[in-house]
Amino acid sequence: MISDPRFHGAVKRLGEIPKVYLVLSSKGGVGKSLISTLLSYYSSLKEVPTGLLDLDFTNPSTHIILGVKPEEISYKEEKGLEPFKIGKLSYFSIISFTRDNPLVLKGDEARNVMREVLSIVNWTGVQKLFIDTPPGLSDEQLEAIYNLKSLVKPIVVSTPHNLSIQSVLRLVKILRDAGFSEILFVENMGNGKLEAFADAEGLNYVGYIPFVENIESCIGSTLKIENCVLKQYFEAILSKT
Ligand SMILES: Nc1ncnc2c1ncn2[C@@H]1O[C@H](COP(=O)(O)OP(=O)(O)OP(=O)(O)O)[C@@H](O)[C@H]1O
Ligand SMILES: [Mg+2]
């Protein structure tokens with residue numbers, strides 16, 4: 001990537017943002033999209049200029065959580081593409097281009113789309129950026145982990161279930177090998193019992209989000225997000241980021 005001019009563009013764009021968080025989990029379905037979306041939205045309500053970037057190109061879902069239709073999203077061109085505003089949140093997802101068509105990316109294509117997006121979106125003024133990533137350890141994640149490591153902080157998400165914990169331990173090893181010293185850790189659909197696990201693994205435990213039966217009452221519109229019963233838990237996590 002180093003010889004790719006888009007790499008330098010991406011480094012410049014991300015380097016201008018004081019705090020960039022990469023929300024990660026090697027396990028699917030643990031709540032990465034919910035957490036990156038709600039953290040960024042609540043952060044934007046606190047007068048902190050905040051951005052949300054959806055890097056899950058094959059299965060973007062942050063727009064569904066925010067309740068915006070792909071056709072409503074548009075970007076002005078101003079030294080790149082200006083993020084779309086949802087309230088005070090600066091937002092970018094390729095869903096506005098792909099609409100409801102499945103995006104099948106093979107081989108190097110996913111990495112190319114990621115390089116393009118990171119180098120083209122103009123986050124000027126944003127103080128905190130949350131990046132939602134696809135599950136597993138795809139090329140996009142590995143590229144972000146290895147090539148952008150000086151610019152991003154990982155937030156690893158896990159549920160309290162052993163299948164998720166074991167998977168996350170492998171991801172933590174990859175992050176450590178890549179040189180990340182600080183790894184933030186969020187327990188989702190839990191009750192705080194993973195704090196001891198996180199401490200033992202040297203992870204920076206920033207809080208937990210309990211399981212709620214009626215999660216639909218928290219997603220699908222910004223009004224629902226604002227009135228979500230989980231808000232206090234996200235605000236507690238935000239106070240540590
Ligand atoms: N704290 C919670 N309580 C109840 N349901 C939750 C909670 N967190 C997430 N969910 C639900 O779990 C499902 C998975 O969440 P989400 O899509 O955010 O996970 P993900 O890690 O982004 O998944 P993927 O790996 O497919 O990208 C969704 O239906 C979501 O609404
Ligand atoms: Mg997701």
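If you stretched the chain out fully between A196 and E226, how much longer would it get, using 0.36 nm times the residue separation minus the C-alpha to C-alpha distance? Provide the component values of the computation, followed by the final result.
On the way: separation 30, 0.36 × 30 = 10.80 nm, distance 3.07 nm.
Here the answer is 7.7 nm.
One equal scatterer on each Cα of the range 149-233, no solvent, Debye formula: the resulting log10 I(q)/I(0) at q = 0.16, 0.20, 0.26 Å⁻¹ is -0.69, -0.92, -1.20.
Dipole magnitude for the chain: computed about the Cα centre from +1 point charges on Lys and Arg Cβ and -1 point charges on Asp and Glu Cβ, it is near 340 debye. A simple spin-label model places the labels of F211 and T124 4.7 nm from each other, with each point 7 Å out along Cα-to-Cβ.
Label 7 Å along Cα→Cβ of K153; the range 104-143 residues with amide nitrogen under 17 Å? In the range 104-143, the label zone of K153 (backbone N under 17 Å from the point 7 Å along Cα→Cβ) covers 126-132.
Of I17, L89, L118, which is farthest along the charge dipole of the chain in the positive direction, counting Lys and Arg as +1 and Asp and Glu as -1 at C-beta? Result: I17. With a Förster radius of 30 Å applied to the C-beta separation of H8 and V104, the computed FRET efficiency comes to 0.55. Pairs from the list K12/K69; K79/K224; K46/K76; K32/K79; K12/K88 with a Cα-Cα gap above 27 Å: K12/K69; K79/K224; K32/K79. The antiparallel fraction among DSSP beta bridges confined to the chain stands at about 10%. Protection proxy ranking, highest mean first, for peptides 198-208, 66-76: 198-208, 66-76, where packing is the per-residue count of other beta-carbon atoms within 10 Å, averaged. For the range 107-161, run through the chymotrypsin sites (Phe, Trp or Tyr not before Pro) and keep only the ones in DSSP coil with at most 11 other Cβ atoms within 10 Å of their Cβ. Filter output for the range 107-161: empty list. The Cα center of the range 82-104 and the Cα center of the range 35-52 differ in position by 16 Å.
How large is the Rg to Rh ratio of the range 5-238 when both quantities use alpha carbon positions and Rh follows Kirkwood? Provide the component values of the computation, followed by the final result.
Details: Rg = 16.6 Å, Rh = 17.8 Å.
Across the range 5-238, the Cα-based Rg/Rh ratio is 0.93.
Ignoring aspartates and glutamates fewer than eight residues from K240 along the same chain, the ones with Cα atoms less than 17 angstrom from its Cα are E47, E182, E187, E195, D199.
Read-outs throughout are calculated quantities, based only on the coordinates presented, and are distinct from any laboratory measurement. A quick note: this is a predicted structure, and the numbers were derived from the prediction, not measured. When we count neighbours, we look across all protein chains shown, and the Cβ atoms used for this are built from the backbone with ideal geometry, even at glycine.
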